[in-house]
Amino acid sequence: MNNADLSILLVDDHAVVRAGYRHLLETQGGFKQVREAENAQEAYAACQKDLPALVICDISMPEPVGLNLVQRVLGRWPEVKFLMFTMHNSIELARACMDAGAKGYVTKSSRPEVLLRAIGEVLAGRTFMSADLSRLMALSRLRDNRGGLDELSSREFEVLCLLVAGQSAEQIGDLLFLSAKTIHNIHYQIKKKLQVSSDIELTKLAIAWGLTTPLV
């Protein structure tokens, strides 16, 4: 289905934030049916009036909070997809949202293209988590056996996950709006920081860390 035919509901208690992201979705995402809600009550009423394909929801709103909205909406309309878009860089909160039924979790510190990628993934029925949260989750699983993973930046971690998923430098560049040359440079820095000399060693580390399924 064309993006122009899909209905999206933006839920955030800051009008300026809603306006900014609505502009992004309409101008860069090609979405023409973008509605807004200031709080969970307005969002639920909007769903009753015209069910959206996707709800992009902040978590920190006046009661009931975004997490409760996810549970309430999905309890009645399980076909609706939720993407949480929040300032909270919290592993526990991200897990709680995913457990409640959200399909994506993106922090507001992420670049605009990350939000657009997340929307595409969630609408396609896949899950998505921004690289900063994925990195923290990987580190929390590893505990004392981090092997240099905590030396990687969020961008480097993002590229690492895409590399071990089998993406080429050109494909990763297209996804991240970077040149293939830049991706090659990041690839080199990753191997340097992790003290490996080949992609085979890099893949072995990724398998040991549980990163063979991309956490992007």
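In this simple spin-label approximation, Glu151 and Ala4 carry label points 7 Å from Cα along the Cα→Cβ vector, and these lie 5.1 nm apart.
In the chain, the calculated helix contribution to ellipticity at 222 nm averages -16000 deg cm²/dmol per residue, counting -39,500 (n - 2.57) for every DSSP H run with n ≥ 4. Averaging Cα coordinates gives a centre for segment 5-70 and one for segment 79-129; these two points are 13 Å apart. What the Cβ-Cβ distance of Asp50 and Gln28 gives, at R0 = 25 Å and to the nearest 0.05, is a FRET efficiency of 0.60. Over all other residues within a Cβ to Cβ distance under 14 Å of Cys97, the charged ones net out to +1, with Lys and Arg as +1 and Asp and Glu as -1.
Annotation: extensible slack from Arg111 through Met87 equals 7.4 nm (criterion: 0.36 nm per residue apart, minus Cα-Cα distance).
For segment 3-129, rounded, prolate or oblate, judged on the Cα gyration tensor with a ≥ b ≥ c (square roots of eigenvalues), a/c < 1.5 rounded, else prolate if a/b > b/c? Rounded, since a/c falls under 1.5. Per residue, the convex hull around the alpha carbon atoms of the chain comes to 117 Å³.
Tell me, in nm to one decimal, what length is gained between Ile207 and Gln41 on full extension, where the rule is 0.36 nm per residue of separation less the Cα-Cα distance?
Residue separation times 0.36 nm, minus the Cα-Cα distance, leaves 55.4 nm.
Between Ala180 and Arg126, the contour length at 0.36 nm per residue exceeds the alpha carbon distance by 16.9 nm.
Values quoted throughout were computed directly from the atomic coordinates according to the rules given, and no laboratory measurement underlies them. This structure is a prediction, so every number in the text was calculated from the model and none was measured. No Cβ is skipped: glycine too gets one built from the backbone with ideal geometry, and neighbour counts run over all protein chains shown.
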